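We did not get these values from a lab; they are worked out from the coordinates using the rules stated. Predicted model only: the values in this text are computed from it and were never measured. All Cβ positions, even for glycine, are placed from backbone atoms using ideal geometry, and neighbour counts span all protein chains on display.
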Amino acid sequence: MLRVIVLGAAAGGGLPQWNCACTTCRAAREGNLVVPQTQSSIAVSADGVRWVVVNASPDIRQQFAATQALQPVKGPRSSPLSSVLLTNADVDHIAGLLSLRESQAFTLYATGRVLRVLEGNAVFNVLARNHVERRALRLDEVQPVVDARGGDTSVRIEPFAIPGKIALWLENPEAFGLGGVPEDTIGLAIGAAGSSNRLFYLPSCSGLPDTIKARLSTRDSLLFDGTTFTEDEMISSGTGHKTASRMGHLPMSGAKGAVAQWEGVSLRRKVFIHINNTNPVLLPDSPERAFIQKSGWEIAHDGMEFLIE
Ligand code: MLT
Ligand code: MN
Ligand code: ZN
């Protein structure tokens, strides 16, 4: 059995975002209709003792403080954190690594390409190699997640390439298209040793070929990229000039959106995560929220917990 805790449900910027006065950010500041959310990350555990965090959000300090399971219990220094896994090199998924310094041993998993990005930035040397061992993920292979002593956490992962884009901060303005290569963005099938039921975690995904959908069985659960509701949301809300596709995300709605594309794929649970603060599904009484619920989807929130049995 795998325990899953949503540490952060928001997309990059969080909710409210520091410089945003969109309807949802204002509602989150007022604090009655909309609950603030931190940037996307989940924690999973197969033994309830050792925890694997997937994506290290800039809000990780706050997320650890808010999560009982992640508190140190053995003195004088310790942490239930055994490993960190990265699904890409976006700021909202790697900046939290800098807060995990303090000579704590854990393993750090990412694709070879994302590990090289970290390697190329000397600031990540705050995670000294004698404490934090880097391990390259092998795509399309089920592999155990091990802790800093090489002990099996009983968490099993299968990483696989998904359509996405190079991290925003690595974009070459001269380059054509999204600039992504297969190791830039991955999805993860996560389970506990001995169980065939898995959680699929895809917080960033720019397209859904049938080969991805074919990986899931009816007993699996899905946490999927829910950045925007519409393709032109940033433009129509006056908060940006890029479409969802240009940002490397699939909108929820529309003929080619996530709801339509996952329609007909029967799963235990379909949950949106990495939700941008402009997304009207965050407003409890919105027609967009009603549409999502009617479509059989849930909206993740900070602190949401579930079991993959
Ligand atoms: C994204 O998901 O598109 C990125 O987090 C954007 C960013 O780096 O701000
Ligand atoms: Mn993001
Ligand atoms: Zn906003």
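Only helices enter the 222 nm calculation for the chain: every DSSP H run of n ≥ 4 contributes -39,500 (n - 2.57), and dividing by all residues gives -3500 deg cm²/dmol, rounded to 500. Largest first, the three principal axis extents of the alpha carbons in the range 12-78 are 43, 20, 19 Å in whole numbers.
Applying 1/(1 + (r/R0)^6) with R0 = 41 Å to the Cβ-Cβ distance of residue 211 and residue 98, what FRET efficiency is obtained, to the nearest 0.05?
Numbers: r = 35 Å, r/R0 = 0.86.
The formula returns an efficiency of 0.70 here.
Annotation for residue 255 and residue 131: the two label points, set 7 Å from Cα along the Cα-Cβ direction, are 5.4 nm apart. Counted residue by residue at 0.36 nm each, then reduced by the alpha carbon distance between them, the extension gain from residue 141 to residue 65 reaches 24.0 nm. In this structure the amide hydrogen of residue 183, modeled in the peptide plane, comes within under 5 Å of no amide hydrogen from residues 5 or more places off or on another chain.
Once both labels are positioned 7 Å from their Cα atoms along Cα-to-Cβ, the gap between residue 195 and residue 49 label points is 1.8 nm.
Once you reduce the range 202-271 and the range 126-178 to the center of their Cα atoms, the two points are 21 Å from each other.
The protection proxy used here, the mean number of other Cβ atoms lying within 10 Å of each residue, ranks peptides 211-221, 15-25 as follows, highest first: 15-25, 211-221.
Hey, can you list the DSSP H helices of the chain whose Cα span along the axis is 18 Å or longer and whose average Kyte-Doolittle score is at least 0.0?
Working: long enough: none.
Once both thresholds are applied, nothing remains.
Each residue of the range 76-91 is assigned a 3J(HN,Hα), and the resulting list reads x, 10, 6, 7, x, 5, 9, 7, 10, 10, 10, 9, 6, 10, 5, 4 Hz, derived from the Karplus form 6.51 cos²θ - 1.76 cosθ + 1.60 (θ = phi - 60°), x at Gly and Pro. Taking amide hydrogens as placed 1.01 Å from N in the peptide plane, the amide H of residue 167 sits under 5 Å from those of 89, each at least 5 positions away in sequence or on another chain. Starting from the coordinates of the alpha-carbon atoms of the range 113-165, obtain the Kirkwood hydrodynamic radius over all distinct pairs and give the value in Å to one decimal. For the range 113-165, the Kirkwood estimate is 13.0 Å.
Lysine pair count for the range 163-309 with Cα-Cα distance under 22 Å and sequence separation of 8 or more or different chains is 10. Near residue 135, the amide H atoms lying under 5 Å from its own belong to 108, 109, 110; only residues 5 or more places off or on other chains count, and H is placed 1.01 Å from N. Spread over its residues, the convex hull of the C-alpha atoms of the range 2-308 is 130 Å³ per residue.
Could you please report the charge total around residue 263, scoring K, R as +1 and D, E as -1 over all other residues with beta-carbon less than 11 angstrom from its beta-carbon? Overall, the nearby charge balance is +2. Applying Stokes-Einstein at 4 °C and 1.567 mPa s to the Kirkwood radius of the range 130-269, computed over alpha-carbon pairs, gives a translational diffusion coefficient of 78 µm² s⁻¹.
Ranked for footprinting exposure by Cβ neighbours inside 10 Å, fewest first, 102, 183 give 102, 183.
Each of 90, 59, 210 was scored by other Cβ atoms within 10 Å of its Cβ. Listed from fewest to most, they are 210, 59, 90.
Distance between the 7 Å Cα→Cβ label points at residue 291 and residue 121: 3.4 nm. Per-residue 3J(HN,Hα) values for the range 210-226, derived from phi via the Karplus relation 6.51 cos²θ - 1.76 cosθ + 1.60 with θ = phi - 60°, read 4, 4, 6, 4, 5, 6, 9, 10, 4, 8, 8, 10, 10, 10, 10, 3, x Hz in sequence order (x marks Gly and Pro).
From Cα pairs below 8 angstrom and at least 6 apart in sequence, can you work out the relative contact order of the chain, rounded to a whole percent?
Details: 722 pairs, mean separation 62.2, N = 309.
It rounds to 20 percent for the chain.
If the chain linking residue 181 and residue 307 were pulled fully straight, counting 0.36 nm for each residue of separation and taking away their Cα-Cα distance, it would gain 42.1 nm. Backbone phi angles across the range 181-187, fed through the Karplus curve with coefficients 6.51, -1.76 and 1.60 (θ = phi - 60°), yield HN-Hα couplings of 10, x, 8, 6, 10, 10, x Hz in residue order; Gly and Pro are listed as x.
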